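Colleague: Below you will find the structure I want to go over with you.
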Amino acid sequence: MSEKGHGGENLQELVRIEAALAGVRDACQRLVEENRSLRQDPSRPAGADALRLRALEARVSQLEAENRDLCREIAMTGRPDPLKEQEGLLANLYVAGFNLHRTMELSAVLASVKEILINLIGAEKFQIFLLEGERHTLLPIADEQSHRPSRRRVPVGEGIAGVVAKTGIPYFEADGRDGDFHNPLACVPMKVDGQVIGVLQVSRLFVQKKRLTSQDHELFSLLAETAGTALLGATLRQRAVQQEGTSALDWPAIVLPCLQIDDGGPQAHVAAGDGGGPAAGGTGRTN
């Protein structure tokens, strides 16, 4: 009985081992089929082994890391440098101011204003107005063209240009680079001694320029404060030339009477200052 019992137990153990071996064979067969399928995958290099795949994957990871570093460097390089921007703004302001006051010829001053609008601000279409008719209308005196501008007058207080002329407050469109005569991108007053004498209006920017920048606003501020003065000085010179009949004006003879220089000399000032009055300090005058 015991031998039969031992024989039965051995047989059962062999059956379990055989079943386990069958399971291992099935698993191996599945692995072989999956490996064959992977080798036939078009996205996998033909005949590539695991070692080569790992090397390629490591190389791809390295290239991706280098690409990220390169993109970061490019982004850092493309960021604006505040110091360089400030230097560029100062250079543009210097050039603009120099060009406005390098001459007193009226046509040259107008040409300088146009050059600033075109070359420094990037204005493709613009108009320059002066007040006329007891300050009731704006008269176009120049635009981006070389020929005489349109004589389309703008009543003061109407439209953007008319409101800017009336209030003296500049106008800037927040977005875009395309406008028209009635809907400009920028309109700033030209002032002399705090008084508005005209306006500068930009209707369109060149295609390579997307919008007006903070540097453009600074240039507009310079034009608002100095373009009118330059135009007035050139106009007064032209009037003097017409009166004198010659372009060789005697500037000291024109300037000195306006300064009201006292030709009494130092002794006159000392005498006027006797008694400890205000003239003793050099700041008073004696009638």
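Colleague: Just reorder 66, 225, 132 by solvent-accessible area, largest first, 1.4 Å probe, all chains present.
Modeller: The ranking, largest first, comes out as 225, 66, 132.
Colleague: In the structure displayed, which of 84/125; 84/210; 125/191 lie more than 27 Å apart, Cα to Cα?
Modeller: Distance filter (> 27 Å) returns 84/125.
Colleague: Separate question: Please list, ordered by chain and number, the residues whose modelled amide H lies under 5 Å from the amide H of residue 105; skip anything fewer than 5 residues away on the same chain.
Modeller: For residue 105, whose amide H was placed from the backbone, there are no distant partners under 5 Å.
Colleague: Measure off 7 Å from each Cα along the Cα-to-Cβ vector at residue 98 and residue 242, then give the distance between these two points in nanometres to one decimal.
Modeller: 3.3
Colleague: Taking H placed 1.01 Å from N in the peptide plane, check which residues at least 5 places from residue 190 or on another chain put their amide H under 5 Å from its amide H.
Modeller: Residues meeting the amide H criterion: 197, 198, 199, 200.
Colleague: Still on this structure, I have one more. Taking the Cα-to-Cβ direction at residue 217 and at residue 56 and moving 7 Å from each Cα, how far apart do the two end points lie in nm?
Modeller: Here the modelled spin labels are 5.6 nm apart.
The values are calculated or read from the model by the stated rules, or taken from the named source; none is laboratory data. Bear in mind the structure is a predicted one, so any value in this text is a computation, not a measurement. Backbone-built Cβ (ideal geometry, glycine too); neighbour counts: all protein chains shown. With ligands, DNA and RNA removed, areas are computed over all heavy atoms of the protein, side chains included. Shrake-Rupley method; radii C 1.70, N 1.55, O 1.52, S 1.80 Å.
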